[in-house]
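*Asks:* Pasting a structure below so you can have a look.
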Amino acid sequence: MFYIKPPTGKISFHIIEKCVLDRLEYIQLLYEGKPHEFNGDLEYLLENSVYDKIGHFILRLLASISQELFNYWIVRETLLFQTRLNYILPRQLYRLFKSILHQSEEFKDKKGLINKTLIDICNFFSKPLVFKHIVSKNHTKNCNFHKTKVRYEIIPDLIKKRKLDLNAGYAIVYCSKLKEVLKSLFYTHISKEVICMKSKAQYTINQDTRLDYLYYKIHSKIFRENQTSIKQGCITKENIDIEVKNFPLCMQHLHIRLRRVHRLSHYARFYYSLFLKDGGMQLKDAINYWKEEYSKPHSCSSNCLHNWKSNERKFMYSIRHFYGLEGSRKNYKSPTCELMCTSSSSPMYEGGCPFKSFDVNTLKHLLSLSLSNDHVTNLLKTLSPQTPQTSCAKFFKILNQDNSNDIVINSPLQYYLAMIN
Ligand code: SF4
């Protein structure tokens, strides 16, 4: 339950996804005080099982690239650790000390403060006399029969709440405070690990579309469905021609094309509609926006026969369907970058990711709508169609030079929300 070393071996991605999603659901319910309402599979949450470790480490990896996700996850993960600790049996507690000591053999830096403290605490409390005492009836809630000490800066939350006495830079840990100290060390250990793995994790997730997909999925699940802290998009029919400057290039391109030829092919219309919906466009505005364009004569070279007047019912149904108001009433989500990058096989399809599938002149033209010639030239030199999301992040950074934070682009919507936040 205090995991230091990730498991090794092969596992199917759908199992990983299950481990992560079930864990997220459970820790959220635990946080809300209703773990009994958990409908997932407890098999994925058995302490010390491979599934439990996978759920923990994958979430640790994904949380390491987003402060927002980390803040959300670490509070709940620490609560899970604390809950497990509260119900731990003596022999499990002893095994926990031994497990931490065993895993800590992997520490490259055994003298680092957090690593050394973990080793010292486990060595101290697993001594036969001390351990016998802490699992005995004589060991009460405020017992101070045995004590050790740790550096104060390693347990900042306990110091802040004045839970421990201080002496010359050390916090005194009485035996009754063991579980609180272990919980605090758990938090400190993971926080430190996440900082160390941040840049490598970003690369790993960028390169692996499955992890990228999972990141987007859980991010949407937590922050979009629950609508906790992300500012929502504010696209309307009236402001769209101004707001378009905050869109990623893929969606800018679709907007410009729609304004120019007044038609889009099926998938381009589908993805762009969902992007606008999740970007805040209300149903009424969406209907009027599409109506305005599709009422104009098309100027595309194909024999497009779509026209608002003769197909109004069909169009209305289709837009309402995107908004989950018709048919299966499915809540369609706007596309991920992965989907945008892989959906450009039809010659009729004018969408896709510009950084991946557009010819250099079209890309150059699109870039020049937002960037100076120098920026366009410099950016084009560094771009690679193999890593479109990295290219998109570079574009984002040029437009947001006052924002020094690195960003990983996972979806057009995420790009847009980051732009307006
Ligand atoms: Fe759009 Fe994603 Fe491509 Fe950026 S990387 S242009 S958001 S598909």
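Here, each number is a calculation from the coordinates, and none is a lab measurement. The structure displayed is predicted, hence computed values, not measured ones. Here the Cβ is made from the backbone with ideal geometry for all residues, glycine too, and neighbour counts use every protein chain on show.
*Asks:* Which of 215, 168, 254 sits farthest toward the positive end of the charge dipole of region 168-303, with +1 on the Cβ of Lys and Arg and -1 on the Cβ of Asp and Glu?
*Replies:* 215
*Asks:* If the only charges are +1 at each Lys and Arg Cβ and -1 at each Asp and Glu Cβ, what is the size of the charge dipole of the chain around the Cα centre, to the nearest 20 debye?
*Replies:* About 1020 debye.
*Asks:* Which one, 419, 289, 366, projects farthest toward the positive side of the charge dipole computed for region 230-420 from Cβ point charges (K/R +1, D/E -1)?
*Replies:* 289
*Asks:* I've got another one for you. Work out, step by step, the length gained on full extension between residue 13 and residue 325: first 0.36 nm times the residue separation, then minus their alpha carbon distance; give nm to one decimal.
*Replies:* In short, 109.1 nm is gained.
*Asks:* Further, regarding this structure: Using packing as a proxy for protection, rank 56-65, 70-79 so that the peptide with the highest average count of other Cβ atoms within 10 Å comes first.
*Replies:* Descending mean neighbour count gives 56-65, 70-79.
*Asks:* Farthest toward the dipole's positive end in region 13-222, which of 148, 61, 24, given Cβ charges of +1 (Lys, Arg) and -1 (Asp, Glu) about the Cα centre?
*Replies:* Value: 148.
*Asks:* For residue 409, list long-range residues whose amide hydrogen, built 1.01 Å from N in the peptide plane, is under 5 Å from its own amide hydrogen.
*Replies:* Here 393 satisfy the definition.
*Asks:* How large are Rg and Dmax for region 230-420 when only the alpha carbon atoms are used, in Å?
*Replies:* Calculated on Cα positions, Rg and Dmax stand at 16.6, 51 Å.
*Asks:* If r is the Cβ-Cβ distance from residue 359 to residue 133 and R0 is 45 Å, what FRET efficiency results, to the nearest 0.05?
*Replies:* Calculated transfer efficiency: 0.05.
*Asks:* Here is a follow-up. Let me spell out the model: positive unit charges on the Cβ of Lys and Arg, negative unit charges on the Cβ of Asp and Glu, origin at the Cα centre of region 13-222. What dipole size does that give, in debye rounded to 20?
*Replies:* With Lys and Arg at +1 and Asp and Glu at -1, about 1080 debye.
*Asks:* Search the structure for amide H atoms under 5 Å from the amide H of residue 349, placed 1.01 Å from N in the peptide plane, and list their residues when 5 or more places away or on another chain.
*Replies:* none
*Asks:* Starting from the amide H of residue 171, placed 1.01 Å from N in the peptide plane, find each other amide H under 5 Å away whose residue is 5 or more places distant or on another chain.
*Replies:* 150, 151, 152
*Asks:* While we're on this one: Expressed as a fraction of 2.2 N^0.38 Å, the rule-of-thumb size for a compact globular protein of N residues, what is the C-alpha radius of gyration of the chain?
*Replies:* That ratio works out to 1.22.
*Asks:* Hey, another quick one. Equivalent-ellipsoid semi-axes (√(5λ), Cα gyration tensor) for region 41-136, whole Å, largest first?
*Replies:* So the equivalent ellipsoid measures 26, 19, 12 Å along its semi-axes.
*Asks:* Going through the cross-link list 221/291; 18/183; 221/333, which pairs have a Cα-Cα distance over 20 Å in this structure?
*Replies:* Violating the 20 Å limit, Cα to Cα: 221/291; 18/183.
*Asks:* Mean Kyte-Doolittle of at least -0.5 plus a Cα span of 24 Å or more along the axis: flag which DSSP H helices in the chain meet both, please.
*Replies:* The qualifying helices are 13-31, 67-86, 178-207.
*Asks:* Which order results if 47, 180, 105 are arranged by neighbouring Cβ count within 10 Å, fewest first?
*Replies:* Ordered from fewest to most neighbouring Cβ atoms within 10 Å, 47, 180, 105 come out as 105, 47, 180.
*Asks:* Quick one: putting +1 on the C-beta of Lys and Arg, -1 on the C-beta of Asp and Glu, what dipole do you get for region 230-420 around its Cα centre, in Debye to the nearest 20?
*Replies:* The dipole of region 230-420 has a size of about 540 debye.
*Asks:* Report, in deg cm²/dmol and to the nearest 500, the calculated mean residue ellipticity at 222 nm for the chain, where each DSSP H run with n ≥ 4 adds -39500 (n - 2.57) and the sum is divided by the residue count.
*Replies:* My calculation for the chain gives -17500 deg cm²/dmol from helical runs alone.
*Asks:* For residue 296, list the lysines whose Cα falls under 20 Å from its own Cα; do not include residues on the same chain fewer than 8 positions away.
*Replies:* 237, 284, 309, 314
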